[in-house]
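Heads up, the thing below is written out as structure tokens.
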Amino acid sequence: MALTSKAIKAWRLVHKWTSLICTVFLLMLALTGLPLIFHDEIDAFLGDTIAPATGNQTAAPATLDDIVAAAKAERPNLVVRYLIWDPDEPGIIKVNMAVAIDSPRGQIQMLSVDERSAEVRSTRIGRRGVMAFILQLHTDMFLGLGGSLFLGVMGLLFVTSIISGVVLYGPFMRKLPFGTIRHQRGRRVRWLDLHNLVGIVTVAWCLVVGLTGVINTLDIMVFRLWRADQLAAMTAPYKDKPPLRTIASVEAAVAVARRAVPDMTPSFAAFPGTFFSSNHHFAVFMRGSTPLTAQLLKPVLIDAETLQLTDVREPPWYVSALELSRPLHFGDYGGFPLKIIWLILDLMTIVLLGSGLYLWIGGHRTTRAAPAAGTEPVTKTLGGAASHF
């Protein structure tokens, strides 16, 4: 059904203002997203990844308790909160430590410990380096949860501008062949046609990246919901139990998790009292072995005193949606070739955003100057579509 002139005008207003409000922030996200697509390769080039020590590979590997002891010896005034198996650094276990078990994540210290020798290979406070700076700018602009949620709103405006642009694309291109660039009509018309072409070619990718970006901004809220929902149900029998005086072996707890889910491997182990566990449990989050299942973490709760398996469940849909959106947002599913595709599409999106901003600025100036010159504004002669698809 063809749109009426009134409907087209309404969609133009939606596209214009959603685009204008979010464009500057989307340009920042697109520019910072370029290096983040290749974060693994850049980290390796800058030496921010740690290789396991070379030595006697026939000796028995260290236990997780040995690794915890080595971390505590290195930082005796801190407590261990998480053990993390990073697939990008095989042979290394990262030990998340802080002054208190419930310290905020901005106050952590991360130790990298060799999995076989229990040798501490690196110590650092929080994240560091160029890529850590770019990642935080991309995720929350150094404003914490408020900045993350703000960028989520910008993402929703971006998705709305895409949808409205698609609606307007049909009426605008009704009399023009697909991909037409009208070189004879002047620079602004050429940029308008380029804006339309890039927009319609990248529409699916922009929607995917925009929506997954919005989901990623909700990570803290999603896991808070998971704690109040699934984790509360799994630990309900322990609600009135007294606090633990001592905890059992983390090596033994992870062994219980491995037996409970034998087709999966540990992603990280949360100690009792941390955000991802309860006051009475180790929580071992297991991952699969394929590119897809490696993103879907399954929590296994083990009684931290008796080492009895308490519960193991599939994560709820909203946690799975978050976990799947992260690698999809950065193109991490298909190896290096997919990253190249993501790079090309990201560059095209920068052209899309930049051309839209250029068209609006040019159209705004033309609109102000046209009455004095006695001519009709370009934005009107183009059917008001200078800032649209």
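Brief remarks follow.
- Any pair with Cβ under 6 angstrom, 6 or more apart, that starts in the range 269-280 at a residue that is of a type in the set (F, W, Y) and ends at one that is at pLDDT below 95: none
- The set of residues in the range 319-335 that are assigned to a helix (DSSP H, G or I) and closer than 17 Å to G210 by Cα comprises A321, L322, E323, L324, S325, R326, P327, L328, H329, F330.
Results for (1) of a type outside the set (F, W, Y); (2) modelled with pLDDT under 95; (3) surrounded by 12 or more Cβ atoms within 10 Å (Cβ to Cβ), shown as yes or no for each residue.
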residue: V208; (1), (2), (3): yes, yes, yes
residue: T217; (1), (2), (3): yes, yes, yes
residue: M221; (1), (2), (3): yes, yes, yes
residue: L225; (1), (2), (3): yes, no, yes
residue: D229; (1), (2), (3): yes, no, yes
residue: D240; (1), (2), (3): yes, yes, no
residue: P243; (1), (2), (3): yes, yes, no
residue: T246; (1), (2), (3): yes, yes, no
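- The set of residues in the range 249-282 being crowded, with 17+ Cβ neighbours inside 10 Å, of a type in the set (A, V, I, L, M, F, W, C) and closer than 19 Å to D66 by Cα consists of V250, A253, V254, V256, A257, F268, A269, A270, F271, F282.
- Checked against the criteria, L338 counts as within 19 Å of the chain's Cα centre (by Cα), without any contact (Cβ under 8 Å) to a residue 40 or more places away in the chain and part of a helix (DSSP H, G or I).
- Leading residue by the ranking (nearest to the chain's Cα centre (by Cα)) among those in the range 1-24 that are over 20 Å from C206 (Cβ atoms) and of a type in the set (G, A, S): A10
The values are calculated or read from the model by the stated rules, or taken from the named source; none is laboratory data. Quick caveat: nothing in here was measured; it's all calculated off a predicted structure. With ideal geometry, Cβ positions are generated from the backbone for all residues, glycine too; neighbour counts draw on all protein chains shown.
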